[in-house]
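Working notes, structure below.
The values are calculated or read from the model by the stated rules, or taken from the named source; none is laboratory data. Treat the numbers as computed from the prediction; the structure is a model and nothing was measured. Don't worry about glycine lacking a Cβ; one is built from the backbone with ideal geometry, like all the others, and counts go over all protein chains shown.
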Amino acid sequence: MPCEELVQQAYNLILQNDFLSAIAAFKKALSLCPQEADLYYRLSITYARSHMLEEAEKAAGWAVHLDPASTDYIAQLRHIQAMRIHLESIKLSKTPSALSLAEKLLKQSIELDPVYIQAYVDLGNVYRDMGDYQSAMQTYQMALELVPEHLEAKLRMTEIRPLVDRVDN
């Protein structure tokens, strides 16, 4: 079966929400066409949808290796790296003594993917938990500048506004 047919099969499986079978179809296509950067890219997206971020990062890395000029492949790799760092920061943010490390990781996540909205919201949450309400408010505002209708960012700003006003007065 040619690569194109396997890719089409993978997309049909994705439409059926059968991501694991789609991954298998992409892998089979890659066994036939191992130098196709786009296949690694598509595999990376499918892994990420399946919350298999380590595998997604490896596949995106191969796409970038095979086509280092592709801004799409680079953006995918950076997004996956940002997601992995973000998830680690979420674990840390649950421990008060690790909030400063969570802050550092979230900033790193945003640096890797400046439009990763949830990283902004969670950085705002970390600032809030650290008692830095002004920074929290500014970070939620940055999230809303990227996605004006982001419900969680709006909610957090509403919750924190009285605290910022109290500190300012």
Practice item. Within segment 43-85, work out how many residues are under 17 Å from PHE19 (Cβ atoms) and surrounded by 22 or more Cβ atoms within 10 Å (Cβ to Cβ). Key: 9
Point to revise | Filter pass, SER44 being outside the structural domain of SER109 (by TED's automatic domain parsing), within 21 Å of LEU112 (Cβ to Cβ), part of a helix (DSSP H, G or I) and of a type in the set (Gly, Ala, Ser) | key: yes
Check your understanding: When residues of segment 24-40 are filtered for being touching a residue at least 24 places away in the same chain (Cβ under 8 Å) and surrounded by 22 or more Cβ atoms within 10 Å (Cβ to Cβ), how many remain?
Key -> 3
Revision key, fill the gap. Restricting attention to segment 148-169, the residues that are outside any helix (DSSP H, G or I) and either under 17 Å from SER109 (Cβ atoms) or not assigned by TED's automatic domain parsing to the domain that holds LEU106 (or both) number exactly 1
**Study point:** Given (1) over 29 Å from GLY124 (Cβ atoms); (2) in a helix (DSSP H, G or I), index of the condition PRO34 fails
**Key:** (2)
